[in-house]
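Okay, structure first, notes after.
The values are calculated or read from the model by the stated rules, or taken from the named source; none is laboratory data. These numbers were taken from a predicted model, which means no experiment stands behind them. We place every Cβ from the backbone using ideal geometry, glycine too, and count neighbours over all the protein chains shown.
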Amino acid sequence: MPKPKIVVLTGAGMSAESGLKTFRDANGLWEGHDVMQVASPQGFAKNPELVLEFYNQRRRQLLDVSPNKGHMALAELEQGFDVSIITQNVDNLHEQAGSSRVVHLHGELFKVRSTVNENHVLDWKKDLILGDTDDHGHQLRPHIVWFGEMVPMLETAAQITQEAEILIIVGTSMQVYPAAGLIHYAPKQTPIYFVDPKPNIRSTDFDNLTVIPKTAAEGVPELVNELFNS
Ligand code: APR
(Lines give C-alpha, C1' and ligand atoms only; values in the text may rest on other atoms or scores of the structure.)
Protein backbone atom coordinates (compact mmCIF):
# COMPACT_ATOMS: atom_id res chain seq x y z
CA MET A 1 0.00 0.00 0.00
CA PRO A 2 1.76 3.26 -1.11
CA LYS A 3 2.13 5.85 1.65
CA PRO A 4 0.12 9.07 1.19
CA LYS A 5 2.24 11.84 -0.39
CA ILE A 6 2.86 14.81 1.89
CA VAL A 7 4.61 17.91 0.53
CA VAL A 8 5.99 20.42 3.02
CA LEU A 9 6.91 23.96 1.91
CA THR A 10 9.08 25.66 4.53
CA GLY A 11 10.45 29.17 5.01
CA ALA A 12 12.68 31.00 7.46
CA GLY A 13 10.15 30.65 10.30
CA MET A 14 10.84 26.90 10.28
CA SER A 15 14.37 27.62 11.58
CA ALA A 16 13.56 30.60 13.86
CA GLU A 17 13.38 28.43 16.99
CA SER A 18 16.75 26.98 16.09
CA GLY A 19 18.15 30.49 16.50
CA LEU A 20 18.36 31.59 12.85
CA LYS A 21 16.89 34.98 11.97
CA THR A 22 14.00 35.27 9.57
CA PHE A 23 14.12 37.94 6.87
CA ARG A 24 11.06 40.12 7.36
CA ASP A 25 10.21 39.84 11.06
CA ALA A 26 11.30 42.56 13.46
CA ASN A 27 15.10 42.51 13.67
CA GLY A 28 15.12 40.28 10.58
CA LEU A 29 18.04 39.80 8.22
CA TRP A 30 16.76 42.36 5.73
CA GLU A 31 16.50 44.98 8.46
CA GLY A 32 20.26 45.16 8.77
CA HIS A 33 21.17 44.71 5.12
CA ASP A 34 20.31 46.09 1.70
CA VAL A 35 19.09 43.01 -0.19
CA MET A 36 20.40 44.21 -3.54
CA GLN A 37 23.84 44.84 -2.00
CA VAL A 38 24.28 41.42 -0.38
CA ALA A 39 21.94 39.06 -2.26
CA SER A 40 22.05 39.97 -5.95
CA PRO A 41 24.46 39.38 -8.85
CA GLN A 42 24.84 43.16 -9.19
CA GLY A 43 25.82 43.42 -5.54
CA PHE A 44 28.37 40.64 -5.94
CA ALA A 45 29.87 42.29 -9.02
CA LYS A 46 30.06 45.66 -7.25
CA ASN A 47 31.42 44.54 -3.87
CA PRO A 48 32.22 40.80 -3.75
CA GLU A 49 33.93 41.03 -0.36
CA LEU A 50 30.75 42.46 1.25
CA VAL A 51 28.65 39.66 -0.23
CA LEU A 52 31.12 36.91 0.67
CA GLU A 53 31.31 38.20 4.27
CA PHE A 54 27.47 38.34 4.53
CA TYR A 55 27.31 34.64 3.70
CA ASN A 56 30.41 33.79 5.76
CA GLN A 57 28.64 35.19 8.85
CA ARG A 58 25.52 33.12 8.13
CA ARG A 59 27.58 29.99 7.36
CA ARG A 60 29.57 30.33 10.62
CA GLN A 61 26.29 30.68 12.56
CA LEU A 62 24.89 27.56 10.90
CA LEU A 63 27.78 25.54 12.39
CA ASP A 64 26.38 26.33 15.86
CA VAL A 65 22.64 25.63 15.53
CA SER A 66 20.52 22.46 15.61
CA PRO A 67 17.16 21.33 14.26
CA ASN A 68 14.17 22.18 16.44
CA LYS A 69 11.15 20.01 17.33
CA GLY A 70 9.45 21.09 14.12
CA HIS A 71 12.28 19.74 11.94
CA MET A 72 12.36 16.53 14.00
CA ALA A 73 8.60 16.01 13.64
CA LEU A 74 8.80 16.40 9.86
CA ALA A 75 11.54 13.76 9.76
CA GLU A 76 9.37 11.40 11.87
CA LEU A 77 6.51 11.92 9.40
CA GLU A 78 8.47 9.68 6.98
CA GLN A 79 7.56 6.66 9.15
CA GLY A 80 4.03 6.76 7.81
CA PHE A 81 4.03 9.03 4.77
CA ASP A 82 5.91 9.69 1.52
CA VAL A 83 7.34 13.09 2.51
CA SER A 84 8.98 15.69 0.25
CA ILE A 85 10.33 18.86 1.82
CA ILE A 86 10.58 21.89 -0.47
CA THR A 87 12.42 24.59 1.43
CA GLN A 88 13.27 28.23 0.74
CA ASN A 89 15.84 27.92 3.52
CA VAL A 90 19.55 27.61 2.79
CA ASP A 91 20.33 25.93 6.11
CA ASN A 92 20.72 22.15 6.38
CA LEU A 93 18.47 21.67 9.44
CA HIS A 94 15.94 19.46 7.65
CA GLU A 95 18.79 17.12 6.62
CA GLN A 96 20.31 17.25 10.12
CA ALA A 97 16.88 16.26 11.55
CA GLY A 98 16.81 13.22 9.23
CA SER A 99 14.49 14.27 6.40
CA SER A 100 15.59 12.25 3.39
CA ARG A 101 14.08 14.22 0.50
CA VAL A 102 14.81 17.95 0.66
CA VAL A 103 14.61 20.29 -2.34
CA HIS A 104 16.37 23.63 -1.78
CA LEU A 105 14.70 26.28 -3.94
CA HIS A 106 17.10 29.08 -2.95
CA GLY A 107 20.36 27.11 -2.64
CA GLU A 108 22.44 25.95 0.30
CA LEU A 109 24.85 27.80 2.65
CA PHE A 110 27.15 24.76 2.95
CA LYS A 111 27.73 24.68 -0.81
CA VAL A 112 29.59 26.99 -3.19
CA ARG A 113 29.80 27.06 -6.98
CA SER A 114 31.91 28.33 -9.80
CA THR A 115 31.05 31.84 -10.96
CA VAL A 116 31.17 30.63 -14.56
CA ASN A 117 29.47 27.23 -14.29
CA GLU A 118 26.39 26.98 -12.05
CA ASN A 119 26.49 23.19 -12.21
CA HIS A 120 29.99 23.02 -10.73
CA VAL A 121 28.97 22.81 -7.05
CA LEU A 122 31.27 22.01 -4.11
CA ASP A 123 30.59 21.28 -0.43
CA TRP A 124 32.01 24.16 1.61
CA LYS A 125 31.79 24.76 5.37
CA LYS A 126 34.52 27.34 5.94
CA ASP A 127 34.70 31.02 5.05
CA LEU A 128 34.75 31.77 1.30
CA ILE A 129 37.01 34.65 0.24
CA LEU A 130 38.18 36.36 -2.94
CA GLY A 131 40.83 34.14 -4.48
CA ASP A 132 39.06 30.89 -3.54
CA THR A 133 38.71 29.39 -7.01
CA ASP A 134 37.53 26.18 -8.65
CA ASP A 135 40.13 23.90 -10.29
CA HIS A 136 39.89 25.98 -13.47
CA GLY A 137 40.87 29.13 -11.61
CA HIS A 138 37.38 30.66 -11.60
CA GLN A 139 36.29 32.51 -8.42
CA LEU A 140 33.83 30.57 -6.28
CA ARG A 141 30.54 32.12 -5.04
CA PRO A 142 27.85 31.03 -2.56
CA HIS A 143 25.50 28.36 -4.00
CA ILE A 144 22.56 30.66 -3.29
CA VAL A 145 19.83 31.84 -5.69
CA TRP A 146 20.13 35.63 -5.56
CA PHE A 147 17.37 38.10 -6.33
CA GLY A 148 16.87 38.30 -10.08
CA GLU A 149 18.37 34.85 -10.71
CA MET A 150 16.50 31.81 -12.02
CA VAL A 151 15.28 29.14 -9.56
CA PRO A 152 16.71 25.93 -11.11
CA MET A 153 14.71 23.59 -8.84
CA LEU A 154 11.36 25.25 -9.57
CA GLU A 155 10.18 22.70 -12.15
CA THR A 156 11.07 19.83 -9.83
CA ALA A 157 9.26 21.53 -6.94
CA ALA A 158 6.17 22.19 -9.05
CA GLN A 159 6.00 18.56 -10.20
CA ILE A 160 6.33 17.32 -6.61
CA THR A 161 3.61 19.73 -5.39
CA GLN A 162 1.22 18.59 -8.13
CA GLU A 163 1.34 15.11 -6.55
CA ALA A 164 0.62 16.33 -3.01
CA GLU A 165 -2.19 14.51 -1.19
CA ILE A 166 -1.53 16.76 1.82
CA LEU A 167 0.31 20.12 1.66
CA ILE A 168 1.89 21.60 4.77
CA ILE A 169 3.30 25.14 4.71
CA VAL A 170 5.46 26.30 7.61
CA GLY A 171 7.03 29.64 8.47
CA THR A 172 6.93 31.63 5.26
CA SER A 173 5.51 35.11 4.61
CA MET A 174 4.53 33.94 1.10
CA GLN A 175 5.99 37.15 -0.35
CA VAL A 176 8.74 35.80 -2.59
CA TYR A 177 7.92 34.25 -5.95
CA PRO A 178 8.13 31.78 -7.55
CA ALA A 179 8.33 29.87 -4.22
CA ALA A 180 5.10 31.39 -2.88
CA GLY A 181 3.28 30.39 -6.07
CA LEU A 182 3.85 26.68 -5.43
CA ILE A 183 0.70 26.55 -3.28
CA HIS A 184 -1.32 26.86 -6.51
CA TYR A 185 0.24 23.69 -7.94
CA ALA A 186 -1.40 21.44 -5.32
CA PRO A 187 -4.48 19.57 -6.60
CA LYS A 188 -7.71 21.41 -5.78
CA GLN A 189 -8.93 18.79 -3.28
CA THR A 190 -5.60 18.61 -1.41
CA PRO A 191 -5.94 19.71 2.25
CA ILE A 192 -3.51 22.52 3.10
CA TYR A 193 -2.18 23.12 6.65
CA PHE A 194 -0.52 26.52 7.24
CA VAL A 195 1.64 26.75 10.39
CA ASP A 196 2.77 30.27 11.28
CA PRO A 197 2.24 32.44 14.41
CA LYS A 198 1.40 35.40 12.16
CA PRO A 199 -0.11 33.64 9.13
CA ASN A 200 0.05 35.74 5.95
CA ILE A 201 -2.80 33.91 4.20
CA ARG A 202 -6.59 34.18 4.32
CA SER A 203 -8.50 30.94 4.98
CA THR A 204 -11.01 32.18 2.41
CA ASP A 205 -8.28 32.01 -0.25
CA PHE A 206 -8.52 28.20 -0.47
CA ASP A 207 -11.47 25.84 0.19
CA ASN A 208 -9.52 23.31 2.25
CA LEU A 209 -7.04 25.44 4.18
CA THR A 210 -6.47 24.96 7.91
CA VAL A 211 -4.49 27.78 9.50
CA ILE A 212 -2.55 26.81 12.64
CA PRO A 213 -1.44 30.10 14.27
CA LYS A 214 1.44 28.50 16.17
CA THR A 215 5.22 28.34 15.91
CA ALA A 216 6.97 25.54 14.02
CA ALA A 217 8.34 23.86 17.14
CA GLU A 218 4.86 23.82 18.69
CA GLY A 219 2.46 23.54 15.76
CA VAL A 220 4.30 21.04 13.56
CA PRO A 221 4.67 18.25 16.16
CA GLU A 222 0.96 18.66 17.03
CA LEU A 223 -0.01 18.48 13.35
CA VAL A 224 2.23 15.43 12.76
CA ASN A 225 0.58 13.72 15.74
CA GLU A 226 -2.84 14.47 14.29
CA LEU A 227 -1.86 13.10 10.87
CA PHE A 228 -0.55 9.87 12.38
CA ASN A 229 -3.81 9.46 14.32
CA SER A 230 -6.17 10.46 11.50
N1 APR B 1 7.59 29.40 13.64
C2 APR B 1 6.91 29.48 12.46
N3 APR B 1 6.87 30.59 11.69
C4 APR B 1 7.51 31.68 12.17
C5 APR B 1 8.23 31.69 13.38
C6 APR B 1 8.25 30.48 14.13
N7 APR B 1 8.90 30.39 15.30
N8 APR B 1 8.76 32.93 13.55
C9 APR B 1 8.39 33.66 12.47
N10 APR B 1 7.64 32.91 11.65
C11 APR B 1 7.05 33.28 10.36
C12 APR B 1 6.70 34.75 10.21
O13 APR B 1 5.41 35.02 10.73
C14 APR B 1 6.74 34.89 8.68
O15 APR B 1 5.48 34.55 8.10
O16 APR B 1 8.01 33.00 9.36
C17 APR B 1 7.77 33.85 8.25
C18 APR B 1 9.10 34.46 7.86
O19 APR B 1 8.90 35.20 6.68
P20 APR B 1 10.18 35.76 5.91
O21 APR B 1 11.13 36.36 6.89
O22 APR B 1 9.69 36.57 4.76
O23 APR B 1 10.91 34.44 5.35
P24 APR B 1 10.56 33.62 4.06
O25 APR B 1 9.10 33.64 3.78
O26 APR B 1 11.22 32.30 4.20
O27 APR B 1 11.31 34.46 2.90
C28 APR B 1 11.31 33.88 1.61
O29 APR B 1 12.77 35.63 0.86
O30 APR B 1 14.56 36.96 1.19
C31 APR B 1 14.13 35.85 0.54
O32 APR B 1 15.46 34.08 -0.18
C33 APR B 1 14.90 34.64 0.97
O34 APR B 1 14.09 32.39 1.18
C35 APR B 1 13.84 33.73 1.55
C36 APR B 1 12.57 34.24 0.90
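Considering the conditions (1) more than 13 Å from the ligand (Cβ to nearest atom); (2) at pLDDT 95 or above, Pro2 is excluded by exactly one of them, (2).
Just name the residue that is nearest to the ligand (Cβ to nearest atom) out of those in segment 160-209 that are basic (Lys, Arg) and under 25 Å from Arg24 (Cα atoms). Full working, then the answer.
So in segment 160-209, the residues basic (Lys, Arg) come out as 188, 198, 202.
Okay, now just the ones that are also under 25 Å from Arg24 (Cα atoms), so 198, 202.
Values: Lys198: 4, Arg202: 14 Å.
Looking at residues that are basic (Lys, Arg) and under 25 Å from Arg24 (Cα atoms), I get Lys198.
In segment 99-111, the residue that is farthest from the ligand (Cβ to nearest atom) out of those that are charged (D, E, K, R) and touching a residue at least 24 places away in the same chain (Cβ under 8 Å) is Lys111. Contact annotation: residue pairs with Cβ atoms under 6 Å, 6 or more positions apart or on different chains, pairing a residue in segment 43-64 that is without any contact (Cβ under 8 Å) to a residue 24 or more places away in the chain with a partner that is of a type in the set (Val, Ile, Thr), are Phe54/Val38. The residues of segment 20-52 that are within 8 Å of the ligand (Cβ to nearest atom) and outside any loop (DSSP other than H, G, I, E, B), listed by number, are Leu29, Trp30, Val35.
Could you check segment 7-19 and list, in sequence order, the residues that are more than 10 Å from the ligand (Cβ to nearest atom) and surrounded by fewer than 23 Cβ atoms within 10 Å (Cβ to Cβ)? Even if it seems obvious, please write down each step before you answer.
Initial filter on segment 7-19 (more than 10 Å from the ligand (Cβ to nearest atom)): 7-8, 19.
Matches in segment 7-19: Gly19 only.
Looking at segment 62-98, which of its residues are assigned to a loop (DSSP other than H, G, I, E, B), within 23 Å of Val176 (Cα to Cα) and within 13 Å of the ligand (Cβ to nearest atom)? Explain how you work it out, then say what you get.
Filtering segment 62-98 for residues assigned to a loop (DSSP other than H, G, I, E, B) gives 63-68, 80-81, 88-92, 98.
From the residues that got through so far, the ones that are within 23 Å of Val176 (Cα to Cα) too are 88-92.
Listed by number, the residues that qualify are Gln88, Asn89, Val90, Asp91.
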